[in-house]
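Some notes on the structure that comes next.
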Amino acid sequence: DGGTGSTPAGTNFTAVAPNKADAVTVPEGYEQGVVIRWGDAVLAGAPAFDFENQTAAAQALQFGFNNDFAGLLPVEGQPNTYLLVVNHEYSTEPAMFRGYDAENPTEEQVKIGLASHGLSVVQVKGDSGSGKLVPEIGANNRRITGTTEFLVTGPAAGSDFLKTSADPTGTKVLGTLNNCSGGVTPWGTVLSGEENFNQYFANAEAVTDPVVAPRLKRYGLAGGASERKWERFDKRFDLVAEPNEVNRFGYVVEVDPWDPSSTPVKHTALGRFKHEAATIYITSDGTVVAYSGDDERFDYMYKFVSSRKMQDGKSQAAMRHNMTLLDAGTLYVAKLSGNSAGEIDGTGKLPSDGKFDGTGEWVAILRTGEDGKGESLVDGMSAEEVAVFTRQAGDKVGATKMDRPEDFEANPKSGKVYVALTNNTKRGVDGGAAADEANPRNNNKNGQVLEIADDHAGTTFGWNLLLVCGDPATADTYFGGFDKSKVSPISCPDNLAFDPHGNLWISTDGNALKSNDGLFSVVLEGENRGETKQFLTVPVGAETCGPIVDEKRVIVCVQHPGETDDASIESPASHWPDGGASQPRPSVVAAWKKDGSRIGS
Ligand code: FEO
Ligand code: CA
Ligand code: CA
Ligand code: CA
């Protein structure tokens, strides 16, 4: 499956030009179509979506809002049939309800908001002649929402930090919130990261306890009323009435999509932070390594190494065992050092050795034993504290402050690990930590992509920057050494995926180059290393998420179309995908080659 001439396999398409269209744009010779939209039926009995007449009961049966991560799992024995598992990161009430009054939401609007969060499991059927996918009401279809019961496992389960008046056991949580990126595990489950959970909780400013207040602050909890005002109708979102509810969010959750009656799990052995996904690498002896970033300016990169080994096969016994793999092992946080540290001046100028590169160390902070009990490896903190206030453990051991670690994934072809560092406009600004070799630009608007050669189950690594993103015409960008006159501009890398050839694909969120977000291929190996090409663009105001790049199909989640601060565009800023005067609807899109051949061939 070699490339054409000098074009590496899988990247032979004509790059899409940057644009501001209210449409999904794909290369010449490709076609695309919506798979499923906010409000489409997931479960039997779901009413047809009616923007003007929404109910929480309907939303609980329909596809949720703001799709982010997507996983596509083949259904065994049923050719061309898959489970599509999608995260619904957050609700945007002003875009969801006509005439929404942000100061006085109704109870029904609050309940719809809760029901629009979580995940969807939807069976989809492929088409023999194209990459088209059609949703159907399959036996495994499921909606998980902001009120679905979860079981807490790991060292924080049952701790005082997790006990509430509704759950004195500290082990049963209602709902998952702000599920951003995720990962499909090799044992057939789906992981999902609870990211910006702070935004749902009210009245942090009224908490004055000298131990609790700094914890809230470290997790971005501030102010009085929350943006959505859920606390008016559900006291668990009021930090004064229910101080521990917030400690029950910010975890990696695991869902078994093959059993709609199963109780999903929150794994506290992986720590609590603004998890951007958890993705799995299996070493040769079956050890599981889970990588996860904490998406905050100046926050950290983590990995968890299991003590248990993965069992092969899809038996129920294997699934039961494998769903405990993330409950025993060691949690580490990353410390990086650059080999040209003295030359980093914050401008993005390449050091004299020609690379932003160096070495790193994984610092162990929490060990969870076979009995589920934790052992703290951080002075002055208990195991439960490390599991629940993980950021403070990272602070204490001097972890490296990164430019917002988003998706973090190992390439199945090479084993090399990649991290999207999306941006950090506070780097070197107003007292924010100064640039270093891994985060080499002050006021970093465009982000960078880190490549790690990791000793996966070990504690050391080497690293370099694959991309320093932005407009290739500017001196502060770097594209793996490739000719910058031949690449697409790229800004704010967020989600990562690998195609069957081992090329990296990157979706973006927040394009600072004043055009729409999109999906890009990046060559990793050989003389074209760093060649970056835009494959698609998404509509006005949308971010591109959840990319999946299979042999003959590309899937992206189009999140928050129309969400723009460009005041020159009349609201709603997007009418995608339904057109006309319609409200925009977050949707999943598939793209394929019209002639049925492989993507990028
Ligand atoms: Fe929800 Fe870090 O993006
Ligand atoms: Ca260097
Ligand atoms: Ca993200
Ligand atoms: Ca993002």
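Coordinate-derived values only; no laboratory data. As the structure is a prediction and not an experimental result, all values here were calculated from the model. Counting neighbours? That spans all protein chains shown, and the Cβs are built from the backbone with ideal geometry, glycine included.
Panel values: region 429-469, Kirkwood radius from alpha carbon pairs, Stokes-Einstein at 10 °C and 1.306 mPa s, translational diffusion coefficient 135 µm²/s. Relative contact order of region 414-510: 24 percent, from C-alpha pairs under 8 Å at least 6 residues apart in sequence. In order along region 510-517, the Karplus-derived 3J(HN,Hα) couplings, from 6.51 cos²θ - 1.76 cosθ + 1.60 at θ = phi - 60°, round to x, 2, 8, 9, 6, 9, 5, 6 Hz, and Gly and Pro are given as x. Here the Kirkwood formula puts the hydrodynamic radius of region 200-320 at 16.9 Å, using every distinct Cα pair.
State the percent of C-alpha pairs, over all pairs in region 1-158, separated by a distance greater than 27 angstrom. When every Cα pair of region 1-158 is considered, 41 percent fall beyond 27 Å. In straight-distance terms, cross-link reach from residue 396 covers every one of the aspartates and glutamates whose alpha-carbon lies under 12 Å from its own, apart from those fewer than eight places away in the same chain; here that gives 379. Each of 75, 24, 255 was scored by other Cβ atoms within 10 Å of its Cβ. Listed from fewest to most, they are 75, 24, 255.
Cβ crowding within 10 Å, taken as a proxy for footprinting-reagent exposure, orders 344, 137, 112 from fewest neighbours to most as 137, 344, 112.
Amide H to amide H distances under 5 Å link residue 181 with 193, 277, where only residues 5 or more positions off or on other chains count and H is placed in the peptide plane. Stretched out straight at 0.36 nm per residue, the stretch from residue 352 to residue 262 would grow longer than its current Cα-Cα span by 26.9 nm.
Spatially, region 526-601 and region 244-321 are offset by 28 Å when compared through their Cα centroids. Across the chain, Cα pairs under 8 Å and at least six residues apart give a relative contact order of 15 percent.
Once the chain from residue 430 to residue 529 is taken as fully extended at 0.36 nm per residue, the excess over their C-alpha distance is 32.0 nm.
Under 15 Å from a point placed 7 Å out from the Cα of residue 284 along the Cα-to-Cβ direction: which residues of region 447-465 have their backbone N that close? Answer for this model: 455-458. Report the far tail of the P(r) of region 450-543, meaning the percent of Cα-Cα pairs longer than 18 Å. In whole percent, the share of Cα-Cα pairs in region 450-543 beyond 18 Å is 47. Charged neighbours of residue 39, selected by a Cβ distance under 13 Å, balance to -1 (K, R count +1; D, E count -1).
Note down the net charge around residue 83, summing +1 for each Lys or Arg and -1 for each Asp or Glu among other residues with Cβ under 14 Å from its Cβ.
0
Each residue in 295, 22, 101 was given a count of other beta-carbon atoms within 10 angstrom of its own, and listing them fewest first yields 101, 22, 295. Per-residue ellipticity at 222 nm, computed for the chain from helices alone with -39500 (n - 2.57) per DSSP H run of at least four residues, works out to -2000 deg cm²/dmol. Working note: Cα gyration tensor of region 104-228, eigenvalues times five, square-rooted, sorted largest first, giving semi-axes of 34, 19, 14 Å. For region 188-221, the residues whose backbone nitrogen is under 19 Å from a point 7 Å from the Cα of residue 382, taken along Cα to Cβ, are 209-216. Shape analysis of the chain based on the Cα gyration tensor places the equivalent ellipsoid semi-axes at 32, 30, 25 Å, largest first.
For region 25-97, the extents of the C-alpha atoms along the principal axes are 37, 34, 21 Å, listed from largest to smallest. Enumerate lysine pairs in region 207-335 that are 8 or more residues apart or on different chains, then count those whose Cα atoms are under 23 Å apart. The number of close lysine pairs in region 207-335 is 14.
If R0 is taken as 35 Å, the Cβ-Cβ distance between residue 199 and residue 471 corresponds to a FRET efficiency of 0.65. Stretched out straight at 0.36 nm per residue, the stretch from residue 552 to residue 125 would grow longer than its current Cα-Cα span by 152.3 nm.
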